[in-house]
1. Return the distance in nm (one decimal) between the two label points of a simple spin-label model at Phe38 and Ala141, each offset 7 Å from Cα along Cα→Cβ.
2. What base-10 log of the normalised intensity I(q)/I(0) is obtained for the stretch 34-181 from the Debye formula, alpha carbons as equal point scatterers, at q = 0.09, 0.18 Å⁻¹?
3. Going by how many other Cβ atoms sit within 10 Å of their own, how do Met109, Met102, Met79 line up, fewest first?
4. Using a 10 Å cut-off around each Cβ, can you sort Phe90, Phe177 from fewest to most neighbouring Cβ atoms?
5. Roughly speaking, what is the stretch gain from Ser130 to Met181, that is 0.36 nm per residue apart minus the C-alpha to C-alpha distance, in nm to one decimal?
6. Sticking with the crude label model, points 7 Å out along Cα→Cβ, report the distance from Glu62 to Thr152 in nm, one decimal please.
7. Could you calculate the FRET efficiency of Glu54 with His170 from 1/(1 + (r/R0)^6), where r is the beta carbon distance between them and R0 is 25 Å, rounded to 0.05?
8. Classify the stretch 28-112 as rounded, prolate or oblate, taking a ≥ b ≥ c as the square roots of the eigenvalues of its Cα gyration tensor: rounded when a/c is under 1.5, otherwise prolate if a/b is larger than b/c and oblate if not.
Amino acid sequence: MRRTALRGPLASHADPPHRAHEEGVAAVAASDPTLSEFSAEWKKYQDQLIQVIEPLTSEQLELRAAPNLRSIRDIATHMVGARGRWLHRFLQLGDASYDEIMTWDRPNMPARTGTELASGLRRTWELLQSALPTWGEAELAQMIEETYHGETESASRRWVIWHLIEHDLHHGGELSFSLGMHGLPAPDL
Ligand code: NI
């Protein structure tokens, strides 16, 4: 399978990158207990993220681990934007009301409040939750292809689910560190 990388200003590990489907991976149905449990546990993590982000003031959202690193606001905004691009643009879930959320973390976009960030996490979560029960083994394994900015990329729905988990946990760790070093409550796993 072909593997290509995004190029240009939108290139980021948060953009649909494009992993070839690994052959020989066992199929997982949407009703599979493992997938169900991962989804339920992921939801708990999301609830913890919302709990710590929603009450933050604008000043607190601007805190960061170092001057050259992303602020708490930037990290949370990026998590929402990446979910939007994967779920709405790449997997084509949700209506046109999700168009804007994909661009939240692009340059020169408005600074989101804690309430808005929590709403963005909830709205993108709803996209995934509404789709999961409709995906059987075939849908999870199906390769989705997207041509964006002249690059054709492909990934399975199953891979997208995994990538959003790793993306949330990766940036959730950055968020936790940034919160904790400034004496703010962080997700308590
Ligand atoms: Ni990222």
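Computed from the coordinates by the stated procedures, all read-outs in this text should not be read as laboratory data. No experiment lies behind these values; they were computed from the predicted model shown. Cβ atoms come from the backbone with ideal geometry, glycine included; neighbour counts cover every protein chain shown.
1. 1.6
2. -0.29, -1.09
3. Working: Met109 12, Met102 20, Met79 28.
If I rank by nearby Cβ atoms, fewest first, I get Met109, Met102, Met79.
4. Values: Phe90 23, Phe177 14.
Exposure proxy ranking, most exposed first: Phe177, Phe90.
5. The Ser130-Met181 span can extend by a further 14.7 nm.
6. Between Glu62 and Thr152, the label points sit 4.7 nm apart.
7. On the way: r = 21 Å, r/R0 = 0.84.
Between Glu54 and His170 the formula returns 0.75.
8. Values: a/c = 2.50, a/b = 1.45, b/c = 1.73.
Taking the square roots of the gyration eigenvalues as a ≥ b ≥ c, the stretch 28-112 is oblate.
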